[in-house]
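One structure is given below, encoded as structure tokens.
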Amino acid sequence: MTLTVRVISPDKTVWDSTAEEVVLPSTTGQLGILSGHAPLLSALDTGVMRVRPDKNQNWVAIALLGGFAEVEENEVTILVNGAEKGDSIDLEQARSAFSEAQTRLNQVPQGDRQAQIQATQTYKRARARFQAAGGMV
């Protein structure tokens, strides 16, 4: 038995297909979903979702920019602020953006809470895109 998986962002449907297995970046850690999973509603963090279309295929990486996932009766619906398939991300641009974000995060002055939050979000987004593109394992 397979899962029906849909990843929907405000401007497009990024994934709408079946899968054997899904791993989601929930706000409490990685969350694995197989067919027959109990009903679930979970908040998602910025990170990489991995989908295995079938047992003989490689994993597909999708960068998610926060949102929610609902699992019910072998259907996984993922509503996110933004999403991008890893194979559509330029690896070198993602590497450069990740490096810049890491540098900016390290240079935020102590006590500047707003700048710290903004730099952390930018870093997490850049890291997710870099990982989805295959830059980090």
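The values are calculated or read from the model by the stated rules, or taken from the named source; none is laboratory data. Quantities reported herein were computed from a predicted structural model and do not represent experimental measurements. Note that we place each Cβ from the backbone using ideal geometry, even for glycine, and neighbour counts take in every protein chain shown. SASA here: full protein model, heavy atoms, side chains in, ligands and nucleic acids out. Shrake-Rupley method; radii C 1.70, N 1.55, O 1.52, S 1.80 Å.
Some points to look at:
- Some residue of the range 70-86 being assigned to a helix (DSSP H, G or I) and within 16 Å of Arg129 (Cβ to Cβ): yes
- Cβ separations smaller than 7 Å between residues 6+ apart or across chains give the following pairs from the range 23-36 residues that are farther than 14 Å from Gly67 by Cα and assigned to a strand (DSSP E or B) to residues that are basic (Lys, Arg) and open to solvent by 40 Å² or more (accessible area, probe 1.4 Å): Val23/Arg50.
- Pairs where the first residue, in the range 112-132, is within 14 Å of Met49 (Cα to Cα) and the second is assigned to a loop (DSSP other than H, G, I, E, B) and open to solvent by 40 Å² or more (accessible area, probe 1.4 Å), C-beta under 9 Å, 6+ apart: Arg127/Met136; Phe130/Met136; Gln131/Val137
- Just one of the numbered conditions (1) under 17 Å from Val14 (Cβ atoms); (2) open to solvent by 50 Å² or more (accessible area, probe 1.4 Å); (3) out of contact with any Phe, Trp or Tyr (no Cβ under 9 Å at 6 or more places or on another chain); (4) part of a strand (DSSP E or B) is not true of Arg125: (4).
- Hits in the range 83-111 - residues which are crowded, with 18+ Cβ neighbours inside 10 Å and touching a residue at least 24 places away in the same chain (Cβ under 8 Å): Ala83, Glu84, Gly86, Ile89, Ala94, Ala97, Phe98, Ala101
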